[in-house]
Amino acid sequence: MSISSASAGANRIKNRGRLNRARTISFTWDGKSLNAYDGDTLASALLANGIHLTGRSFKYHRPRGILSAGPEEPNAIVDIARDTARRQPNVRATVQEVFDGMQANSQNRFPALIFDVGAVNDFFGPFIPAGFYYKTFMWPASFWKHVYEPFIRRAAGLGTAPTEADPDTYANRYAHCDVLVAGGGPAGIAAALAAARKGKSVILCDENADFGGHLRADIHAQIDGQPAMDWVASAVAELRSLDNATVLNRTTAFGYYTANMVALAERVTDHIADPDPELPRERLWQVRAGTVLIATGAIERHLVFHGNDRPAVMLASAAQMFANHFGVSIGKRVGVYTACDSAWQAAFDLHEAGSPIALIVDTRSEVPSQLLAKANDLGIAVKPGHKVTATSGRLRISSMTVEAENGHGKEKTPIDALIVSGGWTPSVHLFSQSRGRLKFDADNGRFLPDEVAENCICIGGCNGAMTLADALDDAANATGSKPANCEETGSMVGYQIGTSNGKTDSAFDKSFIDFQNDVTAKDIRLAVREGMLSIEHVKRYTTTGMATDQGKMSNMHGLAIAATELGREIPDIGLTTFRAPYTPVTFGTIINHAKGKLFDVTRTTPIHSWAQEHGAVFEDVGNWKRTWYFPKPGEDMQAAVNRECAATRNAAGIFDASTLGKIEVVGPDAVKFMELMYTNPWQKLAVGRCRYGIMLREDGFIYDDGVVGRLAEDRFHVTTTTGGAPRVLNHMEDYLQTEFPDWKVWLTSTSEQWAVIAVQGPKAREIIEPFVEDIDLDDMPHMSIREGRFCGVRTRLMRVSFTGELGFEINVPANYGRSVWEKIWERGEPLGLTPYGTEAMHVLRAEKGFIIVGQDTDGTVTPDDANLSWAIGKKKTDFVGIRGLKRIDLVAEGRRQLVGLKTLDPREVLEEGAQIVEDPHQPIPMKMIGFVTSSYWSENCGRSIALALIENGRAQMGEKLHVPMANGAIAVEVCETVFIDPDGSKLNG
Amino acid sequence: MDDVLQIEPLAGRRFAATGIALEPAPFCERFSLRAGPEEVAEVGKEIGIALPVKPKSSKTLKKISALWLGPDEWLIMAAPETGLSAKMSKLDGTLCSAVDVSHRNTAIYVEGPNALAVLNAGCPQNLSLTAFPKGACSRTIIGKSEIILLRESPERFRVECWRSFSDYVWNFLVDAGKSAQI
Amino acid sequence: MLLIQCPYCQEDRPEIEFQGAGEAHIARPANIADISDAEFSEYFFIRDNTKGIVFERWRHTHGCGRFFNAVRNSISDKFIMTYKAGEPKPELTEEQIKAAAPISKKPAADKPEPSPSKAEKAK
């Protein structure tokens, strides 16, 4: 930022505007360096530098200029860059504040803005009518991939996305308040102040940098005896000083959700040249408000006439804003075309600020006399009851053609800018998103809020207020306070919608309804003629009101024209649905904190750091990082897994099983509850013993499994699968709370209380023995549990095995997990103890035919299918799933049953998920009789092994089947699921 | 073997920014206590603290804290030297369930004028002093993790979470801490 | 985001603390092992999925952990009431139903008259 009195554009008006002109800042526009003042938007800065042409339209590539001074801008859509990574396309130049060093570029032009080859579309405009794409790209079908699609892809979308990752951070804030005021114009400020003074907690937000709304464009209004903008400044200052008020500028209320939840997007750093890197770029506010005061104002409409889109055609209120707030002149000979009083005041302001008004054309034949008198005083020519039917000028408007309503007196007036007003459209977007009902105000050609669906009140312009006094009254009524006094204010009376002037019947008509989507009045008419009878269909067929417009500019004209064409009243046609967001919101704001390491939770065990230090490779299991395998230098995964598997069977392996789900079931009814939740019988399970439990859903399919230990008559230590822990607990709580609420039993998750160290293998007992206190290891048969001490800390020691080896699972309080692991490792390593990961665990259990729920089962597998009928208590009269198991399909012949598979070539390892057929030579589609669920190279077996679900599998032992693959079918033989130690001698050793 | 080390998951971490300081809480003993409405009074007597029965409330007596988490659920916490384990182990299972979860959870102190803003970056509850006064506690959410929140003073909160979520919760609070200042 | 009154916590809490748990007032038959296929189908598979007033279950998973019941208008998303698990299905008053009803949309917009030319073609 340079401190100088250097000029920031030749079109600055002397002694006008509220910007601080002490300092200039520099930015570039299409590579050219320009100056601006602090507080300028890109739009005001460009206009100050005499630049009206800012972009090319989407479909016809017509030259377009700045139409508005706010978020409704459809034309001046530009690309803003800070550096190569921080670049954002499709930014509205009327919203983006200029900062020192900003790089702004125009879009949708090639090779240059002033000469664009795509503009031939403009000449061919008659051949690109509404629904052009639907009609044209239909046949031949073979053209789709190589001709139509590439063409559409190139033509579709404005701007280009950045290619680098977004380096910025984003934030979120949940907030609660008594009153949320959306919109910081006069009504919003007055209401926020009144509510805050009454002690309510208040949040006031406004999308602009400066509060005041339309008052920013006003230099005449007075509130409470002072200039309106002074009143705004002191009110905002008072609000900022109050503890119970939060004041947010540059913050757009973009979505209204159920139960008075309103989403705000706060732009924190987009206007700062060199922001603090710790600051988030944007912050999402999720505000839950007692009452929402919707003070979103109104948006001025353009008028529909041939050539209404040329650069330097601008909304009257925008021109007034540029003059009075930014001190920027938009032209030296300005035409006015209006249907509304407010544009007259804008014309007078411009005229007095050195932009002489060439002519005021008003569609109305009767204009308030005081306006005519003022025009007369200023020497401005006026033509009431006239219309503009054409304009000229290629890159900027140079003339307008005016004629009387009856078509007489056609006359061309040279101008260099044209300000227009078709009246004002209340911004009912937020109200409409809240599902409130709108009513049509036929007298003023607009929709107004009617019945509310949420606790909200519309005040000011969005509620139809046409004067400052009305707006302040609304605010007072909504807050039960006394309205502020005001004087010297204009009005928003007068409107025109749906009329289009000029070449209305010509194919070359360029009377635009929607500038952004290049939709003309004739497109709407064509859509109706072609059978689009619903306004929702017209919208989609013509694309009017789509993209960032969302009905801000185009809605009323499109609707009125469609109504005329259909011969129906506007309220009968209804409005298209207003959807969030009101203005575009970045993905960064929506995801806010959830990026990088906060994208999702990463869960690690107490032993994770040891595994990391010992070179482990991890795999994701749900949110957990689990040790996959421990490669030694030079080993690939297979080599590491082979070594880990062999070592576990020959000496011992050590495995981190801490992620296993654990639930403590406690209470006098604990055993009754276990009987209900699991298929197994539990009454006779002795204290100190364990049992493998199967849990079903009510439909009879396997839901989870795990080993359960009985610690006392009334206390069970239940384990679940790693991924199943939360849903199993939820499933249990559901039955307990809603079906059996009187049972005296309670469930507590202890998954993370215990670190679990599995020591498995022939040397397991020898390794752990010296650490065990208060427990007699010789009195611990397979499937037993004891409480005592291990390494001096409290333990639940279980003798269980998921490997088929003699094995123990040592539960110790989690904080001791790593230290205890290291003690075991220190002692075990010289004895051949080898750490193994989940891959070796999978192989070891598959060698024993132990299933993994979710791998060998898929939610359609019954206990019998998985050879687990033995785990069902045959005498039980109830358990979850008991009835489901009797369903016809579950007891039918021919179900898929779990079997082992051996490939005829022992070195061939099947692919998991591969389909199985009887005859590989049958015609396609082949009859698939099952699929591979688990498949590994087993170093211990010296061959590949697999598990599979196959129709009538158990009856096909020894049969030869085939697994068709891309390179030909693989022959397999059906076998038992247990590949090692079928009589369990190692297990019980 | 007294050389077995206890390692708290967030040991050694510290963070401070404008108006906010984060600090891992020292280890404490914790029990998940469950009891039905008929047994509440008696269970409370056994452990020497009348269990709070009002939703979202807690009680601290003789360095033992009891947090209401649900109509039949409390989190009981005390420093190791308080002897909480001994008291809890005497409870009769016919009355209630007391399960040691000392190592399941860990905790972070969030303190400073911006504490509320930091928590509200990810916690959707109304944490104003009227809605969530001193002593208020609740199981809730921060970002994508479940937590138990206890307000120890207007500007000091204790955030309890499961140990494997603590790295996420810590990082979330740090990220929020950097952006809390408006 | 919904705001849900938890009958156990006795206050409105944000939706993300809760999990939906399906239709309410479907009791597990006491003699479930002996019921017919049709009865099992009715109990386990068939749900009303009403458009309008629904009786549904929620669990305050990330709060007090309790399951409870709610009555909600599925069109307006407005809750009529919530109540504890095990309490009987409430009778609703006309006022309660009306208060949760969505605001009716304009009737004419959805079904436009076919244009004469189309109608003629149809003949």
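The values are calculated or read from the model by the stated rules, or taken from the named source; none is laboratory data. No experiment lies behind these values; they were computed from the predicted model shown. Cβ placement follows ideal geometry from the backbone for every residue including glycine, while neighbour counts extend to all protein chains displayed.
Would the stretch A:481-491 turn up any residue that is within 12 Å of A:Ala298 (Cα to Cα) and away from every other protein chain (no Cβ under 14 Å)? Checked against the condition, which is being within 12 Å of A:Ala298 (Cα to Cα) and away from every other protein chain (no Cβ under 14 Å), the stretch A:481-491 yields no hits at all.
Screening C:Glu120 on (1) surrounded by 15 or more Cβ atoms within 10 Å (Cβ to Cβ); (2) at pLDDT below 95 shows it passes everything except condition (1).
Mind checking whether some residue in the stretch A:341-355 is within 21 Å of A:Ser511 (Cα to Cα), surrounded by 24 or more Cβ atoms within 10 Å (Cβ to Cβ) and of a type outside the set (S, T, N, Q)? Even if it seems obvious, please write down each step before you answer.
Filtering the stretch A:341-355 down to residues within 21 Å of A:Ser511 (Cα to Cα) leaves A:343.
So of that shortlist, the ones also surrounded by 24 or more Cβ atoms within 10 Å (Cβ to Cβ) come out as A:343.
Applying the additional criterion that residues be of a type outside the set (S, T, N, Q) yields A:343.
Yes, the stretch A:341-355 contains a residue that is within 21 Å of A:Ser511 (Cα to Cα), surrounded by 24 or more Cβ atoms within 10 Å (Cβ to Cβ) and of a type outside the set (S, T, N, Q).
As a summary of the residue check, B:Lys63 satisfies the conditions (1) free of Cβ contacts under 8 Å to residues at least 60 places away in the same chain; (2) within 14 Å of chain C (Cβ to nearest Cβ) except for the one numbered (2). Here B:Asn120 meets the list (1) surrounded by 21 or more Cβ atoms within 10 Å (Cβ to Cβ); (2) farther than 22 Å from C:Ile4 by Cα; (3) at pLDDT 95 or above almost entirely, failing just condition (2).
So which of A:Ala319, A:Ala298 is modelled with pLDDT of 95 or more, aliphatic (A, V, I, L, M), under 19 Å from A:Met556 (Cβ atoms) and in contact with a helix residue (DSSP H, G or I) (Cβ under 8 Å, 6 or more places away or on another chain)? Unique residue meeting the criteria: A:Ala298.
Would you confirm whether or not the stretch A:881-894 contains a residue that is in contact with a Leu (Cβ under 6 Å, 6 or more places away or on another chain) and in a loop (DSSP other than H, G, I, E, B)?
Checking the stretch A:881-894: at least one residue is in contact with a Leu (Cβ under 6 Å, 6 or more places away or on another chain) and in a loop (DSSP other than H, G, I, E, B).
Has the stretch B:84-103 got at least one residue that is away from chain A (no Cβ under 12 Å), of a type in the set (Lys, Arg), part of a helix (DSSP H, G or I) and out of contact with any Pro (no Cβ under 7 Å at 6 or more places or on another chain)? Yes, some residue in the stretch B:84-103 is away from chain A (no Cβ under 12 Å), of a type in the set (Lys, Arg), part of a helix (DSSP H, G or I) and out of contact with any Pro (no Cβ under 7 Å at 6 or more places or on another chain). Scanning the stretch A:824-847 for residues that are without any contact (Cβ under 8 Å) to a residue 24 or more places away in the chain and of a type in the set (Asp, Glu) gives A:Glu826, A:Glu829. Look at the stretch B:7-19: where a residue is touching a residue at least 60 places away in the same chain (Cβ under 8 Å) and on the phi > 0 side of the Ramachandran plot and a partner is outside any loop (DSSP other than H, G, I, E, B) and buried (at least 16 other Cβ atoms within 10 Å of the Cβ), sitting 6+ places away or on another chain with Cβ atoms under 9 Å, you get B:Gly19/B:Ala115; B:Gly19/B:Ala117; B:Gly19/B:Val118; B:Gly19/B:Gly177. Whenever a residue of the stretch A:597-609 is closer than 18 Å to B:Val4 by Cβ, its partners that are in a loop (DSSP other than H, G, I, E, B), lying with C-beta atoms within less than 8 angstrom and at least six residues away or across chains, give the pairs A:Thr605/A:Ser658; A:Thr605/A:Thr659; A:Pro606/A:Ser658; A:Pro606/B:Ile7; A:Pro606/B:Pro9; A:Ile607/A:Ser658.
Just one residue in the set A:Val361, A:Val304 is over 22 Å from A:Pro426 (Cα atoms), surrounded by 23 or more Cβ atoms within 10 Å (Cβ to Cβ), in contact (Cβ under 8 Å) with a residue 12 or more places away in the chain and out of contact with any Asp or Glu (no Cβ under 8 Å at 6 or more places or on another chain); that residue is A:Val361. The criterion of being over 27 Å from A:Phe508 (Cβ atoms) and either part of a strand (DSSP E or B) or outside the structural domain of A:Arg310 (by TED's automatic domain parsing) (or both) holds for A:Ile360.
Exactly one residue out of A:Gly615, A:Gly653 is modelled with pLDDT of 95 or more, touching a Phe, Trp or Tyr at 6+ places or on another chain (Cβ under 7 Å), of a type outside the set (Asp, Glu) and in a strand (DSSP E or B), and it is A:Gly653. When only residues in the stretch A:578-598 that are within 9 Å of another protein chain (Cβ to nearest Cβ) and in a loop (DSSP other than H, G, I, E, B) count, which is nearest to B:Val118 (Cα to Cα)? Restricting to residues being within 9 Å of another protein chain (Cβ to nearest Cβ) and in a loop (DSSP other than H, G, I, E, B), the top hit is A:His593. The residue that is farthest from A:Gly849 (Cα to Cα), among those in the stretch A:895-933 that are basic (Lys, Arg) and surrounded by fewer than 14 Cβ atoms within 10 Å (Cβ to Cβ), is A:Lys927.
The residues of the stretch A:395-450 that are in a strand (DSSP E or B), without any contact (Cβ under 8 Å) to a residue 60 or more places away in the chain and farther than 16 Å from A:Phe305 by Cα, listed by number, are A:Asp441, A:Leu448. Highlighted here are the strands (runs of 3 or more DSSP E) found entirely within the stretch B:6-49 that include at least 1 residues which are at pLDDT 95 or above and among the acidic types (Asp, Glu): B:20-24, B:29-35.
Every listed requirement among (1) within 14 Å of chain C (Cβ to nearest Cβ); (2) outside any loop (DSSP other than H, G, I, E, B); (3) buried (at least 18 other Cβ atoms within 10 Å of the Cβ) is met by A:Ile524 save one, (1). Tell me, please, whether a residue that is facing another protein chain (nearest Cβ under 8 Å) and within 20 Å of B:Gly70 (Cβ to Cβ) can be found in the stretch A:722-731. Yes: one or more hits. Taken over the stretch A:909-932, the residue count meeting the criterion of being assigned to a strand (DSSP E or B) and under 14 Å from A:Val974 (Cβ atoms) is 5.
Looking only at the stretch B:74-105, residues that are out of contact with any strand residue (DSSP E or B) (no Cβ under 7 Å at 6 or more places or on another chain) and within 21 Å of A:Val812 (Cβ to Cβ) come to 2 in all.
Restricting the stretch A:865-894 to residues that are surrounded by fewer than 18 Cβ atoms within 10 Å (Cβ to Cβ) and charged (D, E, K, R) leaves a set whose member that is farthest from the other protein chains (Cβ to nearest Cβ) is A:Glu893. Among all positions in the stretch A:618-626, there is at least one residue which is at pLDDT 95 or above, surrounded by fewer than 18 Cβ atoms within 10 Å (Cβ to Cβ), away from every other protein chain (no Cβ under 13 Å) and closer than 25 Å to A:Leu729 by Cα.
Here's the yes/no breakdown for (1) on the phi > 0 side of the Ramachandran plot; (2) away from chain B (no Cβ under 14 Å); (3) of a type outside the set (Val, Ile, Thr); (4) part of a strand (DSSP E or B):
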site	(1), (2), (3), (4)
A:Asn680	no, yes, yes, no
A:Leu685	no, yes, yes, no
A:Cys690	no, yes, yes, yes
A:Met695	no, yes, yes, yes
A:Asp699	no, yes, yes, no
A:Asp705	no, yes, yes, yes
A:Val708	no, yes, no, yes
A:Leu711	no, no, yes, yes
A:His717	no, no, yes, yes
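The residues of the stretch A:242-284 that are within 14 Å of chain C (Cβ to nearest Cβ) and more than 28 Å from A:Arg197 (Cβ to Cβ), listed by number, are A:Gly255, A:Tyr257, A:Thr258, A:Leu284.
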